[in-house]
Amino acid sequence: MSRETSAPELENVLAAAAAAARPFAESTPAERARWLAAAADALDAAAEELIPLAHQETRLPAAPRLKGELARTTFQLRLFGEVLRDGEFLGATVDHADPAWPMGARPDLRRVLVPIGPVLVFAASNFPFAFSVAGGDTASALASGCPVVLKAHPGHEELSTRTGEIVAQALTAAGAPEGAFAVIHGVEQGVTALKDPRIAAAAFTGSVPGGRALFDIAVSRPTPIPFYGELGSVNPVVVTPGAVAARGEAVAAGYAGSFSLGAGQFCTKPGLLFLPEGHGLASHLREAVSAVAQQEMLNDRIAAGFAQKLADLRAVSGVESVVEGTQDGDAFTPSLLATTAKEFLAGGEAVREEHFGPASLIVTYSDQAELIEVLDSLEPGLTATVQGEDGDADFVRPLLPSLTRLAGRLLWNDWPTGVTVSWAQQHGGPYPATTAPTTTSVGTAAIERFLRPVAWQSFPDALLPEALQEANPWQLPRRVDGAR
């Protein structure tokens, strides 16, 4: 039976988050770094309890998948501690009063970013640790100084409850205010929380229909709030004629491994492979894809949805099977299909949409112009990949405007599955990849989503926040009178 948070319990959680917002926002970056480290330590210590529970509820292999995912989760909590200690995320800026300013006498102005308030995070189905209870959205929101209300995913309820208990206990034991973190369960409870005026922002990872419905609620409230949704992506891969000639077999093997990884249940799964006509890689692709073992999908609902989407794709005129995948209950071997650029352009939504599961579509192009035409017909997504050679610059350069329009992360001779957590990472893109294309949900810049700027004009130094005081007591990197 599904867990559901009762109405009184939900009210208590929301009230506690609202009460925690002020003391949490007033905490120092160093304090929050310590709290995040405490949560990471507690999760690492509970690995032998949490990993089997995650395996039981999601069917994902304990090792290396879940073990590695938990390590990623605690790493990103600690990485945000580094962001906090660095201090640049605050964007502290000081303009001293200047009577000779060309626009007229300038008052003393000081600008800094402050926490936006309690954040509602919707956990994902496919990453029960890294994009779930203590995942990137939670880590970045807590780092920014915002309490978090975490709406658990029904696909791993017991794991979510236990992880939530561990995180909440670790935070409060380390000194975070009571109510800074809590987990809730239930679809209606998530909607109720999203509509609640005490929630100041929301983050989501999941399907386009689900994310769009929540986005519409968030922006239709009497007081609209930012909604950072990561929704869908087909993640095209372009292979140049030069790459086919130089290392076609390796490209085929790499592609097969990438689109079938984790039963194709990655938001960065490459769903379209653009190959030049006469590529001659069919046998290599067939061999590589056929060698991939059968894998179970996360749950019955996702398996049924994938089976239907795959059937719709197979029914499109001009789409042919290269590898006919098999189904055994909720387990699948990968399917690979193929069509031409001309048929793709006439194929409608079924060839263009994301297929969340182990299936991919080859599209053959006749020349550079046709390839650009097809790329320009695609919906934007998270990634776009080029497999090319150094001598292909003249072929690739005209593609770059189309690829840049499509994605927030461009890859050269790499594969999009596998999103490292780092300072320069960008995991986002134009809609429907995300609802906020100027932001990222992975990497240190994710903290920016839950901060808002405040300028202080002509305030006495004693009343300014520490980040803006003349003596710079936190020793922050700042821009002062235009100079770094």
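Element breakdown for the range 175-262 at a 1.4 angstrom probe: carbon and sulfur atoms account for 63% of the accessible area. For the range 48-64, the Karplus equation 6.51 cos²θ - 1.76 cosθ + 1.60, evaluated at θ = phi - 60°, returns couplings of 5, 8, 6, 5, x, 5, 5, 4, 4, 8, 10, 6, 6, x, 4, 9, x Hz by residue, with Gly and Pro reported as x.
Only the Cβ atoms of Lys and Arg (+1) and of Asp and Glu (-1) were treated as charged; on that basis the dipole of the chain about its Cα centre amounts to roughly 780 debye. Only one residue of W474, G418, V363 has its Cα farthest out toward the positive end of the dipole of the chain, where Lys and Arg carry +1 and Asp and Glu -1 on Cβ, and that residue is W474.
Put simply, the amide H of G271, placed in the peptide plane, has neighbours under 5 Å in N235, leaving out anything fewer than 5 places away on its chain. Between V183 and L150, the built amide H atoms are under 5 Å apart, and every one of these is 5 or more places off in sequence or on another chain. Round to the nearest 10 and give me the degree value, 0 to 90, for the angle of helix 29-45's Cα axis relative to the longest principal axis of the chain. The angle comes out at about 50 degrees. The mean accessible area for residues of the range 1-102, using a 1.4 Å probe and ignoring ligands and nucleic acids, is 51 Å² per residue. Phi angles across the range 445-461 convert, under the Karplus curve 6.51 cos²θ - 1.76 cosθ + 1.60 with θ = phi - 60°, into 3J(HN,Hα) values of 5, 4, 5, 5, 5, 10, 10, 9, x, 9, 9, 10, 10, 6, 7, x, 4 Hz, Gly and Pro given as x.
Candidate cross-link partners of K67 among the aspartates and glutamates, defined by an alpha-carbon separation under 12 Å and a same-chain spacing of 8 or more, comprise D44, E48, E49.
For helix 208-220, what angle does its Cα long axis make with the longest principal axis of the chain, in degrees from 0 to 90 and rounded to 10? Roughly 30 degrees between the two axes. Within straight-line reach of K342, meaning a Cα separation under 30 Å, sit the following lysines at least 8 residues removed in sequence or on another chain: K269, K309.
Kindly report the accessible area of the range 366-467 per residue (heavy atoms of protein chains, probe 1.4 Å, no ligands, DNA or RNA), in Å². List each step's numbers first, then the result.
Numbers: 4590 Å² over 102 residues.
Value for the range 366-467: 45 Å² per residue.
With all protein chains in place and a 1.4 Å probe, the accessible surface of the range 1-84 carries 57 percent carbon and sulfur. Residues whose amide H falls under 5 Å from that of F122, counting only those 5 or more places apart or on a different chain, are K151, A203, F204, T205, with hydrogens built in the peptide plane. Shown for the range 380-433: the carbon plus sulfur share of the solvent-accessible area, taken with all protein chains present and a 1.4 angstrom probe, equals 57%.
For the range 160-175, the Karplus equation 6.51 cos²θ - 1.76 cosθ + 1.60, evaluated at θ = phi - 60°, returns couplings of 4, 4, 5, 4, x, 4, 5, 5, 4, 5, 5, 5, 5, 5, 7, x Hz by residue, with Gly and Pro reported as x.
The values are calculated or read from the model by the stated rules, or taken from the named source; none is laboratory data. Quick caveat, the model's predicted, so the values are computed rather than measured. Every residue, glycine as well, gets a Cβ built from its backbone with ideal geometry; the counts of neighbours run over all protein chains shown. Each accessible area value is taken on the protein alone, full model and side chains, heavy atoms only, with ligands, DNA and RNA left out. Shrake-Rupley method; radii C 1.70, N 1.55, O 1.52, S 1.80 Å.
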